[in-house]
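Note sheet for the following structure.
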Amino acid sequence: YLKISKLALAFAIIRSKPPGKSSKEHIEYLAKTISEQDFGWKWKVEVLEAEVLRLRQELLLNRISPRFCLENRKRDTSAETLLGRESINPTNYSSQLEDSGCDVCNDSAFDSLGTASDFHQSEHNITTSKHWLEGVPPLNLCHTSKEQSLTAPVQFLQRLLEIRKLSERGILQADFSELENDSFTICNSVSQLLDGLTVFYNSPKFPAPAVLTEGVCVLISLITDTKLSNHVLKKCFKKMEEFEKNLIQIILGNRSVNRFQALHSVSQTLSLLGRNNILRNSLISLLLSEVRQFAEQLLQAHQVQSVYDITQYENIFLLCMILEQLLQNETQESNISSSDYGGEEKIKFLKNLDQIILHLSDEFPLFSLYLWRVSVLFNSGQMQ
């Protein structure tokens with residue numbers, strides 16, 4: 001029956017072709033028309049799905065704290081004054097990201113995330129700009145720019161963090177157990193945030209848009225919050241781990257001539273993800289795996305005198321520095337040996353490491369030094 005139906009359709013298409021056009025041209029025209037219609041429907045579906053997610057986000061916030069919107073309306077006049085000022089000159093982030101023209105890019109926004117005090121200052125900037133964000137109309141779903149696709153999850157998670165802070169101070173009552181009852185909304189919002197950040201890092205734009213800095217700050221605040229991080233990681237751990245893997249591959253695979261400042265931003269984000277103990281263990285294992293595999297490939301290339309990937313060799317040092325920083329932070333914070341971290345990957349990494357260092361030390365002294373420093377951190381828990 002199916003063969004007969006296909007044959008009948010083919011005859012109908014051939015018989016209905018207009019004069020002066022071949023059957024092949026007519027079929028290609030029909031296929032193009034149908035695909036355009038399919039694209040239109042897919043676009044409409046995506047718009048409706050985005051609107052459904054936005055409504056679920058609002059509903060979830062209302063369930064967590066029904067008085068949240070009411071409390072926002074009762075803000076003092078200083079908030080309104082702030083709103084007026086920011087509407088005229090919203091320079092919380094844009095001023096940090098202006099390019100001086102002397103560099104390929106400006107990394108000050110990401111460098112400021114490197115220390116705890118500056119990170120909290122950035123976090124404060126987000127808090128003070130929330131009133132302005134809440135006054136912004138709903139996201140225009142008819143456009144799909146990178147900035148807009150990232151703005152929606154950032155706004156929702158910012159509001160969630162604000163509720164968390166207000167409830168911690170006793171200003172607002174909130175029931176965060178609702179996050180367990182609606183894992184779909186929180187998972188999709190975090191996934192959108194991570195996907196948006198990945199898109200930005202894959203094709204960086206300079207100067208970096210303010211929403212990228214806000215997205216990073218929101219993500220780090222979310223995973224370092226003792227109460228919210230448990231809910232988020234329980235539902236989104238695989239997505240977070242996938243995000244870590246993507247950032248690592250972005251670092252290893254970038255071959256742009258002016259890549260180092262862009263990759264520095266990615267490495268800063270990876271380092272900040274290590275603030276969470278669960279993500280730190282996962283990240284250490286991922287970094288160990290990549291560094292070990294590259295060391296083995298480099299040793300094999302060196303032994304047979306074959307060509308190795310110079311670009312990847314240059315990029316691997318960023319992973320080594322992140323790994324060393326994570327191990328040092330772990331040792332300083334817990335005052336215990338880092339030998340408990342890394343698990344199976346640590347065993348694979350340390351196996352035959354001395355032989356690898358011995359064979360590579362003459363030709364690749366800097367890389368061998370980094371391997372040795374990481375091994376010392378694992379074995380003794382402190383730099384020698």
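The values are calculated or read from the model by the stated rules, or taken from the named source; none is laboratory data. Quick caveat, the model's predicted, so the values are computed rather than measured. Cβ: placed from backbone, ideal geometry, glycine included. Neighbour counts: every protein chain shown. Just the protein is used for accessible areas: all its heavy atoms, side chains included, with ligands, DNA and RNA removed. Shrake-Rupley method; radii C 1.70, N 1.55, O 1.52, S 1.80 Å.
Could you pull out the chymotrypsin sites (Phe, Trp or Tyr not before Pro) across segment 7-67 that fall in loop regions by DSSP (anything but H, G, I, E, B) with no more than 13 other Cβ atoms inside 10 Å?
Filter output for segment 7-67: empty list.
Can you send over the solvent-accessible area of Thr33, 1.4 Å probe, protein chains only, in Å² to the nearest 10?
My reading of the accessible area for Thr33 is about 50 Å².
With a 1.4 Å probe and all protein chains kept in place, how much accessible area does Ser361 have, in Å² rounded to the nearest 10?
Accessible area of Ser361: about 40 Å².
Students often forget the sequence filter, so: which lysines lie under 26 Å Cα-Cα from Lys17 once same-chain residues fewer than 8 apart are removed?
Counting by Cα, and skipping residues close in sequence, Lys17 has these lysines nearby: Lys3, Lys6, Lys32.
Taking θ = phi - 60°, what integer Hz values does the Karplus form 6.51 cos²θ - 1.76 cosθ + 1.60 yield along segment 23-36, in sequence order, with x for Gly and Pro?
Once θ is set to phi - 60°, the couplings for segment 23-36 become 4, 5, 4, 5, 5, 4, 5, 5, 5, 5, 4, 5, 5, 5 Hz.
Going down the list Lys165/Lys235; Lys245/Lys351; Lys234/Lys351; Lys235/Lys351, which pairs span over 25 Å between their C-alpha atoms?
Exceeds cut-off: Lys234/Lys351; Lys235/Lys351.
Note down the nm distance, to one decimal, between modelled labels 7 Å out along Cα→Cβ at Glu147 and at Gln37.
Simple spin-label model gives 3.7 nm for this pair.
Once label points are set 7 Å from the Cα along Cα→Cβ at both Lys3 and Lys44, what is their separation, rounded to one decimal in nm?
3.8
Determine ³J(HN,Hα), in whole Hz, for all residues of segment 45-53 in sequence, where each value follows from phi through the Karplus function 6.51 cos²θ - 1.76 cosθ + 1.60 and θ = phi - 60°; x replaces Gly and Pro.
4, 4, 4, 5, 5, 5, 5, 4, 5
What are the trypsin sites (Lys or Arg not before Pro) within segment 250-294 that DSSP puts in a loop, where the Cβ has at most 12 other Cβ atoms within 10 Å?
Of the trypsin sites (Lys or Arg not before Pro), the ones in loops of segment 250-294 whose Cβ has at most 12 other Cβ atoms within 10 Å are Arg255.
Express in whole angstrom the spacing between the alpha-carbon centres of segment 181-240 and segment 1-34.
The distance from the Cα centre of segment 181-240 to that of segment 1-34 comes to 48 Å.
Residues of segment 282-326 with the amide nitrogen closer than 15 Å to a label point 7 Å from the Cα of Asn352, along Cα-to-Cβ, please.
Correct set: 292-304.
What full-extension length gain, to one decimal in nm, is calculated for Arg67 and Lys21 as 0.36 nm per residue of separation minus the Cα-Cα distance?
9.9 nm
What is segment 192-348's relative contact order, in percent, from Cα pairs under 8 angstrom and six or more apart in sequence?
24
Please compute the length gained on full extension between His302 and Phe11, using 0.36 nm multiplied by the number of residues separating them and subtracting their Cα-Cα distance.
98.4 nm
For Ile278 and Phe317 in the same chain, what is the full-extension length gain: residue separation times 0.36 nm, less their Cα-Cα distance, in nm?
In short, 11.7 nm is gained.
Given the protein chains as shown and a 1.4 Å probe, how many square angstrom of Ile310 are accessible, to the nearest 10?
Near enough 100 Å² of accessible area.
Just to be sure I understand the model, the point goes 7 Å from the Cα along the line to the Cβ. What's the resulting Asn181 to Gln249 distance in nm?
If labels sit at Asn181 and Gln249, their model points lie 3.8 nm apart.
Using a 1.4 Å probe and counting only protein heavy atoms, arrange Met240, Met321 so the residue with the most accessible area comes first.
Listed by decreasing accessible area, they come as Met321, Met240.
Given a Förster distance of 25 angstrom, what is the FRET efficiency for Lys234 paired with Val199, based on the Cβ-Cβ distance and rounded to 0.05?
For R0 = 25 Å, the calculated efficiency reads 0.45.
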